[in-house]
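J.: Attaching a single structure in structure tokens format; questions to follow.
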Amino acid sequence: MNFLRRRLSDSSFVANLPNGYMTDLQRPDSSTSSPASPATERRHPQPLAASFSSPGSSLFSSFSSAMKPTSQAPAGLMEPPGPSTPVVQRPRILLVIDDAHTDWAKYFHGKKVNGEIEIRVEQAEFSELNLAAYVTGGCMVDMQVVRNGTKVVRSFKPDFLLVRQHAYSMALGEDYRSLVIGLQYGGLPAVNSLYSVYNFCSKPWVFSQLIKIFHSLGPEKFPLVEQTFFPNHKPMLTAPHFPVVVKLGHAHAGMGKIKVENQHDYQDITSMVAMAKTYATTEAFIDSKYDIRIQKIGSNYKAYMRTSISGNWKANTGSAMLEQVAMTERYRLWVDSCSEMFGGLDICAVKAVHSKDGRDYIIEVMDSSMPLIGEHVEEDRQLMADLVVSKMSQFLMPGSTVPSPLRPWAPQSKPAKSPGTAQLGPPLGQPQPRPPTQGGPRQAQSPQPPRSGSPSQQRLSPQGQQPLSPQAGSPQQQRSPGSPQLSRASSSGSPNQASKPVATLPSQPRPPIQGRSTSQQGEESKKPAPPHPHLNKSQSLTNSLSTSDTSQRGTPSEDEAKAETIRNLRKSFASLFSD
């Protein structure tokens, strides 16, 4: 005991003991003759419990402080948490199909899709590309280009496309329509759309769209040049007047165009068309004063006037003087009308000829592969780049509502149904009612409102002439034994004749039966509109009879007969749904 007293008197030993852990040996009044024994001290848990409840220095608090997360450690021993690393999205790959004379990468430098995603530009010509397209995997493009004497081979999956090159030309023997098909097969969005690029691979096909605009607007607003199309050389016997311009096949930059002065030269050109084995067009020669070109890039418009200096009848051949002119409403109407063809053209241009007699003639429309002219070429390329970035933000951002080539077709709206037309199926988007089991007990439920155009009410025979009888009708008309049966009224009578109180099921107006007279079919067309699907059966009939036009109402006796019929129908329906 003396040893323990000496140890307890030591301050360092006592300091290491838990706070509150007191024994009789530490108390001043304790002595060796104390009757308390170590066993007795162990049987009194009060000091130990007091030690457990003391905060900050108990055993449990020491254990809990050791198990606390490191975030609760002293500020001097903890490093501040760093900022969260943002998720970097992959850059979008833009494939530009153009020759190497224009470096499109510099026009897209610093531009981002929706201001967040980088754009990587890959540029090549049609002749340097190959591809493979998949249903679910998009389009994988192989590119083999020569840059500064070095052959570069790359494979990538483009996200967007800018077409600045003709996909088909008979003069140069270039036919890359298969690549256009593959890019469209892979669902690749483009400027202009690949659908329009493929349609522009035949100039007479494009001219047929100009003919539609000509008939829509008229010759005053849309003065289209008179042109004749020949699928081959056989119908090319003679021209109505000379001189005439003959255009062979599909070519660009003034190629394949010949001016014919007389009939003898025309016969020689016909033999050349036979050798070319292609189609040809002829149009009257216009003694032009200058050419007009109206271009549209997005929402930017420009008009140019080009006058030939070399004396060639083709203004785009030889030397010419180019001048920008004011954009008039007449020119704007031309290019806006042409920009609507083939689903919409984001980039297009209209070419016209201004004759010496002061008249204008529209001769051609060009798509995104049009050459840029004038002193604003750099501005036009920058406008194209801005247009492509805007389209990429619409097509490639998640949650975009702009329809893309990979999205399914939107369901068409339900056509308006005339009063005398029967619908053979449920409306689109509405579930078809499930018929009950034949011969089974009828469920005790509330009567369902009649569906407009429900198959149970519009069941027609295969010939579409006579409605089926109740015995051969839908399962909803085949009731269980003991349930009242309702017979339909005869369809041979006029709809206004309702003198007999016959209980009939509410049905939509039936289609006119073949063999009826025109007067009876006229009465069928005057039937009221079908009842609202959310009304009950008695209200449907009441509304259909009460909302009819006053000019179609009959005599008072007929009104009384209709009212009597309605009362009988209500009684029949009450007995039908009583059980």
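The values are calculated or read from the model by the stated rules, or taken from the named source; none is laboratory data. Keep in mind that what you see is a predicted model, and the values were worked out from it rather than measured. Every residue, glycine among them, receives a Cβ derived from its backbone with ideal geometry; neighbour counts consider all protein chains shown. Calculation scope for accessible area: heavy atoms of the full protein, side chains included, ligands and nucleic acids excluded. Shrake-Rupley method; radii C 1.70, N 1.55, O 1.52, S 1.80 Å.
J.: For segment 137-262, what class follows from the C-alpha gyration tensor (a ≥ b ≥ c being the square roots of its eigenvalues): rounded when a/c is under 1.5, otherwise prolate if a/b is larger than b/c, else oblate? Working shown, then result.
T.: Numbers: a/c = 2.97, a/b = 1.86, b/c = 1.59.
It is prolate, given that a/c is not under 1.5 and a/b is the larger ratio.
J.: May I ask you to compute the full-extension gain from residue 100 to residue 120, defined as 0.36 nm times their residue separation minus their alpha-carbon distance, rounded to one decimal in nm?
T.: Working: separation 20, 0.36 × 20 = 7.20 nm, distance 1.67 nm.
My answer for the length gained is 5.5 nm.
J.: Taking θ as phi - 60°, what are the ³J(HN,Hα) couplings along segment 153-167 by the Karplus curve (6.51, -1.76, 1.60), each to the nearest whole Hz, with x for Gly and Pro?
T.: Result, rounded to whole Hz: 10, 9, 10, 7, 10, x, 9, 8, 9, 10, 9, 10, 9, 5, 8.
J.: Might you tell me the accessible area per residue for segment 100-208, computed with a 1.4 Å probe and given in Å²? Could you put the intermediate results ahead of the total?
T.: On the way: 5490 Å² over 109 residues.
Roughly 50 Å² per residue, with all protein chains present.
J.: Relative to the present Cα-Cα distance, how much length would full extension add between residue 255 and residue 379 at 0.36 nm per residue of separation?
T.: On the way: separation 124, 0.36 × 124 = 44.64 nm, distance 2.85 nm.
Length difference between fully extended and current span is 41.8 nm.
J.: Based on the Cβ-Cβ distance of residue 93 and residue 265, what FRET efficiency does E = 1/(1 + (r/R0)^6) give at R0 = 35 Å, to the nearest 0.05? Please list the in-between numbers first.
T.: Values: r = 52 Å, r/R0 = 1.49.
Working from the Cβ atoms, E equals 0.10.
J.: Using a simple spin-label model with points 7 Å from Cα along the Cα→Cβ vector, what separation in nm is obtained for residue 299 and residue 172?
T.: Once both label points are built, they end up 3.4 nm from each other.
J.: Rank these residues by their accessible area, most exposed first, probe 1.4 Å: 242, 285. If you can, show how the numbers build up before the last one.
T.: Details: 242 70, 285 50 Å².
Accessible-area ranking of 242, 285, largest first: 242, 285.
J.: Shape call for segment 86-212 from the C-alpha gyration tensor, a ≥ b ≥ c root eigenvalues: rounded (a/c under 1.5), prolate (a/b greater than b/c) or oblate? List each step's numbers first, then the result.
T.: Numbers: a/c = 1.72, a/b = 1.44, b/c = 1.20.
Since a/c reaches 1.5 and a/b is larger than b/c, the shape of segment 86-212 is classed as prolate.
J.: Sticking with this structure for a sec: Between residue 330 and residue 312, what is the spin-label point distance in nm, taking each point 7 Å from the Cα along the Cα→C-beta axis?
T.: For residue 330 paired with residue 312, the spin-label model returns 2.8 nm.
J.: Let me ask something else. Order the following by accessible area, largest value first: 104, 205. Probe radius 1.4 Å; ligands, DNA and RNA are ignored.
T.: Working: 104 0, 205 135 Å².
The most accessible residue leads, giving 205, 104.
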